[in-house]
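Below: the structure, in structure tokens.
The values are calculated or read from the model by the stated rules, or taken from the named source; none is laboratory data. The shown structure was predicted, so the numbers you read here are calculated from the model rather than taken from an experiment. Virtual Cβ from ideal backbone geometry, glycine too; neighbours counted across all protein chains shown. The protein model used for the area step is the full one, side chains on, heavy atoms only, and it has no ligands, DNA or RNA in it. Shrake-Rupley method; radii C 1.70, N 1.55, O 1.52, S 1.80 Å.
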Amino acid sequence: MDLRQFLMCLSLCTAFALSKPTEKKDRVHHEPQLSDKVHDDAQSFDYDHDAFLGAEEAKTFDQLTPEESKERLGMIVDKIDVDKDGFVTEGELKSWIKHAQKKYIYDNVENQWQEFDMNQDGFISWDEYRNVTYGTYLDDPDPDDGFNYKQMMVRDERRFKMADKDGDLIATKEEFTAFLHPEEYDYMKDIVVQETMEDIDKNADGFIDLEEYIGDMYSHDGNADEPEWVKTEREQFVEFRDKNRDGKMDKEETKDWILPSDYDHAEAEARHLVYESDQNKDGKLTKEEIVDKYDLFVGSQATDFGEALVRHDEF
């Protein structure tokens, strides 16, 4: 598979994903945990380190001396303080944590960026994306792989325009990230719902009925008996998905299904870090307050946790 085919599959994976007859397809976008560590500050700050830095970056701090950790943490604080007012608010901290947790997404975009930015101007236009992704495929009315590239391009263009906030058909890196990973951005959630409904709504009536819902995740494939999980899904549709009991899911019901309002882990962690570090209890953090509690935010080589715990308890 060449780059263009890979990218089309990546951006339209929900449209063409195939499942085994007995394999459940999951379209629900859950907010992932910030760390696989136990969040118990009485034992260690490992969870906080992973949450604040991302798991991979947190490992690099474990190799630093306390002095080096403090220095690098100070530089990070400057980045978190977006409005440069000398304070880090819960909101700024929440945004930083969310960004740190999505590093793998940004790395993915960074790896692809050069392939699309043909004129190397630091932006990707719709024309650049279209030419790189589709190229000569549009000249073939009957491709061997069975994809309808013109239809795919129309869908991609619609999503590109949604991601392009200023409407100039030229994407910044952040806008291009929203285009490739729309489920990660609040302003792109409507397009995620729309594309999902188009995938599942086989009779194109603008709704998802029970059989369409089941048919998206399970194919009978000649089997008369449904697996138990399929029966459970039928019950889920009737009891929870179809909230107004009209036998089908509309746009809002579909949104509640695939984009549930999960517990906001980043917000909870930001609140926790501010509470633990805010010495004067003014609801925001200075760089000094954060660096003073560096062991809570980042790790370091040979840090004595007993001493860190004493400092932790003093505040």
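Below, the figures for the structure above:
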item: Simple spin-label estimate for residue 275 and residue 42 in nanometres, 7 Å along Cα-Cβ; result: 1.5
item: Percent accessible area from carbon and sulfur atoms, the range 43-130, protein chains only, probe 1.4 Å; result: 51
item: The range 144-233, accessible surface, carbon-and-sulfur percent (1.4 angstrom probe); result: 50
item: Distance histogram for the range 92-178 (every C-alpha pair counted, 10 angstrom bins, percent rounded to whole numbers); result: 16, 39, 32, 10, 3, 0
item: Residues of the range 180-259: accessible area per residue with a 1.4 Å probe, Å²; result: 52
item: Gained length - residue 27 relative to residue 190, 0.36 nm times residue gap less alpha-carbon distance; result: 57.2 nm
item: Cα coordinate range in the range 47-91, projected on the principal axes (Å, largest first); result: 31, 21, 12
item: Relative packing of peptides 45-51, 252-258, 174-180, 201-207 - highest average C-beta neighbours within 10 Å first; result: 45-51, 174-180, 252-258, 201-207
item: Packing rank of 295-301, 230-236, where each peptide gets the mean count of other beta carbons within 10 Å, highest leading; result: 295-301, 230-236
item: Extension reserve of the residue 99-residue 84 stretch, reckoned as 0.36 nm per residue once the Cα distance is removed; result: 3.6 nm
item: Fully extended contour minus Cα-Cα distance, from residue 263 to residue 161, at 0.36 nm per residue; result: 33.7 nm
item: Spacing of the two label points (7 Å from each Cα toward its C-beta) at residue 256 and residue 75, in nm; result: 4.8
item: Net +/- balance of residues flanking residue 204 in space, Cβ distance below 11 Å, scoring K and R +1, D and E -1; result: -3
item: Selection from 229, 207, 171 lying farthest towards where the dipole of the range 171-256 points positive, charges on Cβ; result: 171
